[in-house]
Amino acid sequence: MFVLRRTAFAAILALGVTTGSALAQQTGIVVNGQPLTMQQAVAYGIQLAPGRYWYDPVSGFWGIEGRGYVDQAQPFMQIGGPLRRNASNGNTGVLVNGREIVHAELAQLQAVCGVVPPGQYWLNHELLAGPIGGPAACDASGRSNDTSGASDYNRPSDPDDPCHNPRFWEDKMQCMAMGYSYPD
């Protein structure tokens, strides 16, 4: 028995693992394909069950790998690898901060922001959203949609005319091609 313990301890040392470091540091949590260390978990107050998760450091949204978001945590945590397009197995054609969102997320976004056509969008930790390279076009939090003049999306909407609820409709020609007038 003593020989077996000594051999196991020698094998651990030979692999470069000491009892106080790597073995004690394993959390069983993987974020964006990278293991979360105990130091990171403690530093950020992360208390999750062991498993695989995705995390969007820009918005703070996180979820179980292969699914939509669960909640919003603090943004800008230095954990995990890069957020992958397929992190939640979305198939909507709508990418938010590089992650293709699932249908339930798209429905929630459209309930607050109006029509969201396939494309690439940004979403920050304050839940302001817009097309990549463009200004804020929606307050996805459902607050007043008055974001200090970031866009004109806060006008009253006409549910039959998506161009009177422009939010993600920044292109006047697109609205006109659909047969709608574009509000001035």
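The values are calculated or read from the model by the stated rules, or taken from the named source; none is laboratory data. Only a predicted model underlies this, so the values are computations on that prediction, with no experimental measurement involved. Positions of Cβ are backbone-derived with ideal geometry, glycine not excepted, and every protein chain shown enters the neighbour counts.
When the stretch 68-91 is limited to residues that are over 12 Å from the mean Cα position of the chain (by Cα) and among the aliphatic types (A, V, I, L, M), the one that is surrounded by the fewest Cβ atoms within 10 Å (Cβ to Cβ) turns out to be Met77. Restricting Val102, Val94, Val112 to those that are touching a Leu at 6+ places or on another chain (Cβ under 8 Å) and surrounded by 17 or more Cβ atoms within 10 Å (Cβ to Cβ) reduces the list to Val94.
Among the residues of the stretch 52-67, those that are small (Gly, Ala, Ser) and under 10 Å from the mean Cα position of the chain (by Cα) comprise Ser59, Gly60, Gly63. Considering only the stretch 42-52, I want to know if a residue exists there that is in contact with a helix residue (DSSP H, G or I) (Cβ under 7 Å, 6 or more places away or on another chain), surrounded by fewer than 16 Cβ atoms within 10 Å (Cβ to Cβ) and either modelled with pLDDT under 95 or among the aliphatic types (A, V, I, L, M) (or both). No, the stretch 42-52 contains no residue that is in contact with a helix residue (DSSP H, G or I) (Cβ under 7 Å, 6 or more places away or on another chain), surrounded by fewer than 16 Cβ atoms within 10 Å (Cβ to Cβ) and either modelled with pLDDT under 95 or among the aliphatic types (A, V, I, L, M) (or both). Within the stretch 86-136, the set of residues being at positive phi and of a type in the set (A, V, I, L, M, F, W, C) comprises just one member, Leu127. Counting only strands (runs of 3 or more DSSP E) that fall entirely inside the stretch 23-66 and contain at least 1 residues that are free of Cβ contacts under 8 Å to residues at least 40 places away in the same chain and among the polar types (S, T, N, Q), the qualifying elements are 26-31, 34-37. Just so you know, in the stretch 79-126 the residues that are in contact with an Asp or Glu (Cβ under 9 Å, 6 or more places away or on another chain) and in a strand (DSSP E or B) include one that is farthest from Val31 (Cα to Cα), and it is Val94.
Within the stretch 120-139, residues that are over 12 Å from Val94 (Cα atoms) have Cβ atoms under 6 Å from residues that are assigned to a strand (DSSP E or B) and of a type in the set (Ser, Thr, Tyr) in these pairs: Ala129/Tyr121, counting only partners at least 6 apart in sequence or on another chain. So, Val70, is that one free of Cβ contacts under 8 Å to residues at least 12 places away in the same chain and touching a strand residue (DSSP E or B) at 6+ places or on another chain (Cβ under 6 Å) or not? Judged against the criteria, Val70 is a match.
Would a scan of the stretch 133-145 turn up a residue that is modelled with pLDDT of 95 or more, assigned to a strand (DSSP E or B) and in contact with a strand residue (DSSP E or B) (Cβ under 8 Å, 6 or more places away or on another chain)? No, every residue in the stretch 133-145 fails to be modelled with pLDDT of 95 or more, assigned to a strand (DSSP E or B) and in contact with a strand residue (DSSP E or B) (Cβ under 8 Å, 6 or more places away or on another chain).
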